[in-house]
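Accompanying notes for the structure given below.
The values are calculated or read from the model by the stated rules, or taken from the named source; none is laboratory data. Keep in mind that what you see is a predicted model, and the values were worked out from it rather than measured. We place every Cβ from the backbone using ideal geometry, glycine too, and count neighbours over all the protein chains shown.
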Amino acid sequence: MNLNENKMPPNIKTFFDKATWTVSHIVFDRQGGSCAIIDPVLDYDPKSGRTSTQSADKLIKFIKDQQLTVEWILETHAHADHLSSAHYLKKKLGGKTAIGNNIPAVQKTFKKIFNLGEEFIPDGRHFDHLLMDGEQFQVGKLSATTISVSGHTPADVAYQFDDAIFIGDTLFMPDVGTARADFPGGDAHQLFRSIRKLLAFRPETRLFMCHDYPPTDRAIQWQCTVADQRAHNIHVHDGISEDEFVAMRTERDATLGMPTLLLPSIQTNIRAGELPPADESNVSYFKIPINLI
């Protein structure tokens, strides 16, 4: 597969959130230019139910220090392991929120699970733009392309900027493996095909993760190459067939517990980072379905 015709390489600043093991990225063309924010985190304490913005404020400080204009706030999918700060960042910095155009399928599934009211319309309207597979867009002088990588969820996308692709949860670092595929709407067969799509790019193409769950003998990492994944990924290196992968993924997923922040995360992230509507006392509430998920 070819990289973007525009060969201007992106500048990339990465932030790691230890509480959720999440990696957020700021992609920009130049100091004083334009940027996109990818997969930002809203801090949430599940014990108290309180949100805070320390993680997002670190991104804001960098963006202001570099005198950048935010054009896009991009989500790779509706995350189940952290709340998105996209809504907060948009209020503070501007920019358009975007996600893959299959997000209505995810919204419809979770509208039923959480018994959301008639005010929640599952058509993607909560985001400013829904990106189609292959759709190109600009971040200042940078050209970006959307790549559908469904499987972990039906709406996963990756974002390609020249030789760098931000792949969300589709793959982790090679010694960690691949995303689970047992969430509602997940599909291990489709996940394998999406991974092979990514691994068809040039061997030197840089892949940027959304999470790292490292073994105890190494530091946090979030970048590798297509060649690294093809040679060393413990779940899907070259030579692993689709049937072998699906069997492994199905067996492994059956042993995994649900993410700690699944319930609040999904209810926030299907709304582009906005909390559920407040009641007459101006308090927002998350719903917790009992014996359903």
Checklist entry - Quick check, is residue 192 among the aromatic types (Phe, Trp, Tyr), under 17 Å from the mean Cα position of the chain (by Cα) and under 22 Å from residue 153 (Cβ atoms)? => result no
Checklist entry - What pairs can you find where one residue is in the range 176-193 and at positive phi and in contact (Cβ under 8 Å) with a residue 40 or more places away in the chain, the other is of a type outside the set (Asp, Glu) and assigned to a loop (DSSP other than H, G, I, E, B), and their Cβ atoms are less than 6 Å apart, with a gap of 6+ or different chains? => result 177/234; 177/235; 185/153; 185/154
Checklist entry - Only one of these conditions is not met by residue 42: (1) part of a loop (DSSP other than H, G, I, E, B); (2) closer than 22 Å to residue 211 by Cα. Which number is it? => result (1)
Item to check | Of all residues making up the range 79-125, the number that are touching a Leu at 6+ places or on another chain (Cβ under 8 Å), over 14 Å from residue 268 (Cβ atoms) and touching a residue at least 60 places away in the same chain (Cβ under 8 Å) | outcome: 1
Checklist entry - Before we move on, is residue 29 on the phi < 0 side of the Ramachandran plot, acidic (Asp, Glu) and touching a Leu at 6+ places or on another chain (Cβ under 8 Å)? => result yes
Checklist entry - Which residue out of 188, 181, 219 is surrounded by fewer than 20 Cβ atoms within 10 Å (Cβ to Cβ) and of a type in the set (A, V, I, L, M)? => result 219
Next on the checklist: Out of 20, 51, 69, I need the residue that is at pLDDT 95 or above and closer than 25 Å to residue 219 by Cα. Which one?
Outcome noted: 20
Next on the checklist: For the range 258-279, check the following and say yes or no: at least one residue is over 30 Å from residue 89 (Cα atoms) and either surrounded by fewer than 17 Cβ atoms within 10 Å (Cβ to Cβ) or in contact with a helix residue (DSSP H, G or I) (Cβ under 7 Å, 6 or more places away or on another chain) (or both).
Outcome noted: no
Checklist outcome for this item: Sole miss for residue 54 among (1) within 28 Å of residue 275 (Cβ to Cβ); (2) touching a strand residue (DSSP E or B) at 6+ places or on another chain (Cβ under 6 Å); (3) surrounded by 13 or more Cβ atoms within 10 Å (Cβ to Cβ) is condition (3)
Next on the checklist: Condition first: within 22 Å of residue 266 (Cβ to Cβ), of a type outside the set (Lys, Arg), surrounded by 21 or more Cβ atoms within 10 Å (Cβ to Cβ) and touching an Asp or Glu at 6+ places or on another chain (Cβ under 9 Å). Can you find one or more residues in the range 40-50 that meet it?
Outcome noted: yes
Item to check | Subset of the range 184-201 that is among the small types (Gly, Ala, Ser), at pLDDT 95 or above and outside any helix (DSSP H, G or I) - its residue that is nearest to residue 103 (Cα to Cα) | outcome: 186
Checklist entry - Among 163, 169, which is under 26 Å from residue 230 (Cα atoms) and either out of contact with any His (no Cβ under 8 Å at 6 or more places or on another chain) or of a type in the set (Ser, Thr, Tyr) (or both)? => result 163
Checklist entry - On the given criteria, is residue 97 more than 30 Å from residue 200 (Cα to Cα) and either over 20 Å from the mean Cα position of the chain (by Cα) or surrounded by 15 or more Cβ atoms within 10 Å (Cβ to Cβ) (or both)? => result no
